[in-house]
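Worksheet for the structure shown next.
The values are calculated or read from the model by the stated rules, or taken from the named source; none is laboratory data. These numbers were taken from a predicted model, which means no experiment stands behind them. All Cβ positions, even for glycine, are placed from backbone atoms using ideal geometry, and neighbour counts span all protein chains on display. The accessibility values were calculated without ligands, DNA or RNA, using every heavy atom of the protein model including side chains. Shrake-Rupley method; radii C 1.70, N 1.55, O 1.52, S 1.80 Å.
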Amino acid sequence: MPASKYLHLFFDLDHTLWDFDANARATLEQLHLDLKLPERGIHDFDAFYQSYIGHNEKLWDRYRKGYIKQDELRIKRMWLTLLDFKVADEALSRQLSELFLQLMPTRTRVFPDTREVLTYLQERGYGLHMITNGFEQIQHMKLRVSGLDTFFRHVITSEGSNSLKPQPAIFHYAMEKAGTIASKSLMIGDALDIDVAGARGVGMDAVHVNYNGVPQSFQPTYTITALKQLMDFL
């Protein structure tokens with residue numbers, strides 16, 4: 001049995017276990033060359049990538065708030081990035097989007113000690129689950145290809161639950177699936193306003209995985225700067 005009061009641990013995936021930034025960058029770097037974007041005037045890959053990151057974050061925020069749909073998010077982030085370089089080519093933006101969604105989930109970079117920590121927690125008897133705002137098919141592929149799928153009993157996506165973090169519904173849905181209650185559950189994620197605030201909103205304790213030392217607008221139950229620190233109290 002677990003040594004702590006928690007019986008079930010709910011992890012975020014992107015930016016917490018799976019290194020989204022590194023994997024997205026590697027994928028776009030490949031597509032930058034494969035689709036001959038320098039010939040279209042996009043010579044500076046770093047500028048191209050930073051433009052993508054900016055648009056992706058803004059559009060995800062709009063998607064979480066229900067202002068836009070999944071397809072609009074997927075296409076628009078590429079369309080707006082290309083427009084920043086004065087490339088108004090809808091066919092190219094669709095091709096870039098489709099290839100990005102095909103290739104990125106096959107990348108396997110995870111944060112240091114991810115497998116060691118998950119193995120430790122599994123052996124300690126915790127029920128390990130996932131709550132992710134990512135798309136169903138893509139998130140499952142990321143887990144399978146990177147070899148993390150065997151650790152998790154339940155993978156709750158925004159598509160599967162018809163809700164998004166930080167909305168209470170996705171957390172209630174996840175706890176129901178896992179057969180647990182908030183007082184015996186712990187959320188572990190990198191986004192203070194999404195993972196941590198969402199969990200606290202339903203009475204669940206939460207760990208802020210603060211890799212980059214971002215300022216905290218409120219105090220989570222626990223703060224760690226490396227996954228291995230979970231082993232200090234779980």
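Summary of computed values
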quantity: Relative contact order (%) - criterion: Cα under 8 Å, at least six apart; region: segment 76-213; calculated: 16 percent
quantity: Selection from Pro168, Pro220, Pro38 lying farthest towards where the dipole of the chain points positive, charges on Cβ; calculated: Pro168
quantity: Charge sum, other residues only, whose C-beta stays under 14 Å from Lys5's C-beta, Lys/Arg counted +1 and Asp/Glu -1; calculated: +1
quantity: Positive minus negative residues near Phe20 (Lys, Arg vs Asp, Glu; Cβ under 13 Å); calculated: -2
quantity: Alpha-carbon centroid distance for the pair segment 143-220 / segment 75-120, whole angstrom; calculated: 23 Å
quantity: Dipole magnitude of segment 16-129, debye to nearest 20 (Cβ charges: Lys/Arg +1, Asp/Glu -1, about Cα centre); calculated: 400 debye
quantity: Peptide ranges 113-126, 36-49 listed from the most packed, as the mean C-beta count within 10 angstrom indicates; calculated: 113-126, 36-49
quantity: Where a label projected 7 Å from the Cα of Asn162 along Cα→Cβ would reach, residues of segment 52-87 with amide N under 20 Å; calculated: 63-71
quantity: For segment 119-124, Karplus couplings with θ = phi - 60° (6.51, -1.76, 1.60), whole Hz, Gly/Pro x; calculated: 4, 4, 5, 5, 5, 6
quantity: Solvent-accessible heavy-atom area per residue, rounded to whole Å², over the chain at 1.4 Å; calculated: 47 Å²
quantity: Total charge dipole magnitude, segment 152-234, about the Cα centre, Cβ charges on Lys, Arg, Asp, Glu only, Debye to nearest 20; calculated: 180 debye
quantity: Amide H contacts under 5 Å for Ile156, placed H, 5+ residues apart; calculated: Met130, Ile131, Thr132
quantity: Note, ³J(HN,Hα) from phi for segment 103-114, Karplus 6.51, -1.76, 1.60, rounded to Hz, x at Gly and Pro; calculated: 8, 4, x, 8, 6, 10, 6, 10, 6, x, 6, 4
quantity: Cα→Cβ-extended label distance, 7 Å offset, between Thr150 and Gln95, nm; calculated: 4.0 nm
quantity: For the chain: span of alpha carbons on each principal axis (Å, largest first); calculated: 59, 34, 32
quantity: Overall Cα dimensions of segment 20-106 - principal axes, largest extent first, Å; calculated: 37, 28, 21
quantity: 222 nm mean residue ellipticity, helices alone, for the chain (DSSP H n ≥ 4; -39,500 (n - 2.57); rounded to 500); calculated: -13500 deg cm²/dmol
quantity: Protein accessible area in segment 1-75, 1.4 Å probe - carbon and sulfur %; calculated: 49 percent
quantity: Charge context of Ala206, other residues only, Cβ under 12 angstrom, K/R +1, D/E -1; calculated: -3
quantity: Calculated from backbone phi, Karplus (6.51, -1.76, 1.60) coupling profile of segment 70-86 in Hz, x at Gly/Pro; calculated: 4, 4, 5, 4, 5, 7, 5, 5, 7, 4, 5, 5, 4, 4, 4, 10, 6
quantity: With eigenvalues of the C-alpha gyration tensor scaled by 5 and rooted, segment 124-196, Å; calculated: 18, 16, 12
quantity: Mean separation of Cα contacts under 8 Å, 6 or more apart, over the residue count of the chain: relative contact order %; calculated: 24 percent
quantity: Full-stretch length increase - Asp44, Tyr120 - with 0.36 nm per residue and alpha-carbon distance subtracted; calculated: 23.1 nm
quantity: Amide H within-cut-off set for Thr223, under 5 Å, with H built and near neighbours excluded; calculated: His208
quantity: Dipole in debye (nearest 20) - the chain, about Cα centre, beta carbon charges: Lys, Arg +1; Asp, Glu -1; calculated: 460 debye
